[in-house]
Amino acid sequence: MSILRTEALVKRYGGILVTDSVSLDIRPGELHAIIGPNGAGKTTLINQLSGELASNAGKVWYDGVDVTALPIHARARSGLLRSYQITSIFEEFTVRENAVLAAIGAQEHGWRFWRPMLARAAQVKVADEVLATCGLAHRSAMPAAGLAYGERRQLELAMALAAQPKCLLLDEPMAGMSVQESGAVVQMLARLKGRYGILLIEHDMDAVYALADRITVLVYGKVLFSGTPDEIRRHPEVKAVYLGEEEAA
Ligand SMILES: Nc1ncnc2c1ncn2[C@@H]1O[C@H](COP(=O)(O)OP(=O)(O)O)[C@@H](O)[C@H]1O
Ligand SMILES: [Mg+2]
């Protein structure tokens, strides 16, 4: 049983196959990492999964439903979320208010702004929980504009979680972060593991080995290999094509 599954997914730009018949699956609660050289097609694949990009062929199944033809909003509403696309951060609102808004947005269509935000007990509870999970509880009362870069990215993730997803798509969530901030995100992902299906694209192999249940190696749009971290470490072709390149860099 998978929460997310692709079947021979294809994306083509002109004559170039950027996603070359990719079949993979994410089990409920699994953290599945996708690694591969720059230009391998990782971001393109995530865009096809979120619905941002239409596929030329193949299928995407989410939670037992064929969502291949569904637009991004419909996928997001049913719990297949890409972190930064959920909703934009309101700078002048507090961190907590932003999280509450994300929780409201997930549950209601057409916000009723005249109702005081923090009077919504159920959504405030969800907001406080996700902020604690993301290590932002101590920033709750601060306007979002005051957050550091890494904390902002954590707030985006908290807002994604407030929408109560079943599957998260994360494209290099640690990009541009300091060592300390990345460390905080790794710890947070370790806490999220098991509760959500997570597809994680990440370059930092230490983070990938620490977090992933399974790893898929993508090269020139094709799945080279899928396996456990141990299998990936031992796979000769993977070492040559990807890990060797990393070591040489
Ligand atoms: N809109 C586009 N038009 C043409 N080529 C594209 C477009 N988007 C991405 N590509 C190409 O697709 C390939 C994969 O890109 P991408 O998915 O961003 O790779 P990755 O995230 O693995 O670095 C690259 O060769 C890139 O140049
Ligand atoms: Mg990319």
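Table: residues versus (1) open to solvent by 50 Å² or more (accessible area, probe 1.4 Å); (2) part of a loop (DSSP other than H, G, I, E, B).
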residue: Glu129; (1), (2): yes, no
residue: Ala132; (1), (2): yes, no
residue: Ala145; (1), (2): yes, no
residue: Glu156; (1), (2): no, no
residue: Met174; (1), (2): no, yes
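Annotation: Ala160 fulfils all but one of (1) closer than 30 Å to Arg12 by Cα; (2) open to solvent by 10 Å² or more (accessible area, probe 1.4 Å); (3) aliphatic (A, V, I, L, M); (4) in a helix (DSSP H, G or I); the unmet one is (2). The sole residue among Thr19, Thr94, Thr6 that is buried (at least 17 other Cβ atoms within 10 Å of the Cβ), over 30 Å from Ala137 (Cα atoms) and away from ligand 2 (no atom under 16 Å from the Cβ) is Thr6.
Within the range 38-63, the set of residues being within 16 Å of ligand 2 (Cβ to nearest atom) and either of a type in the set (Asp, Glu) or open to solvent by less than 20 Å² (accessible area, probe 1.4 Å) (or both) comprises Ala40, Gly41, Lys42, Leu45, Ile46, Gln48, Leu49, Ser50, Glu52.
Filtering the range 212-235 to residues that are more than 16 Å from ligand 2 (Cβ to nearest atom), modelled with pLDDT under 95 and of a type in the set (Val, Ile, Thr) leaves only Ile232. Looking across the range 176-197, the residues that are assigned to a helix (DSSP H, G or I) and either open to solvent by 10 Å² or more (accessible area, probe 1.4 Å) or touching a Cys at 6+ places or on another chain (Cβ under 6 Å) (or both) come down to Val179, Gln180, Glu181, Ser182, Gly183, Ala184, Val186, Gln187, Met188, Ala190, Arg191.
The values are calculated or read from the model by the stated rules, or taken from the named source; none is laboratory data. Worth saying up front: this structure is predicted, and the values here are computed from it rather than measured. FYI the Cβ positions are ideal-geometry reconstructions off the backbone, even for glycines, and counts take in every protein chain you see. To get the accessible areas, we keep the full protein, side chains included, count just its heavy atoms, and leave off ligands, DNA and RNA. Shrake-Rupley method; radii C 1.70, N 1.55, O 1.52, S 1.80 Å.
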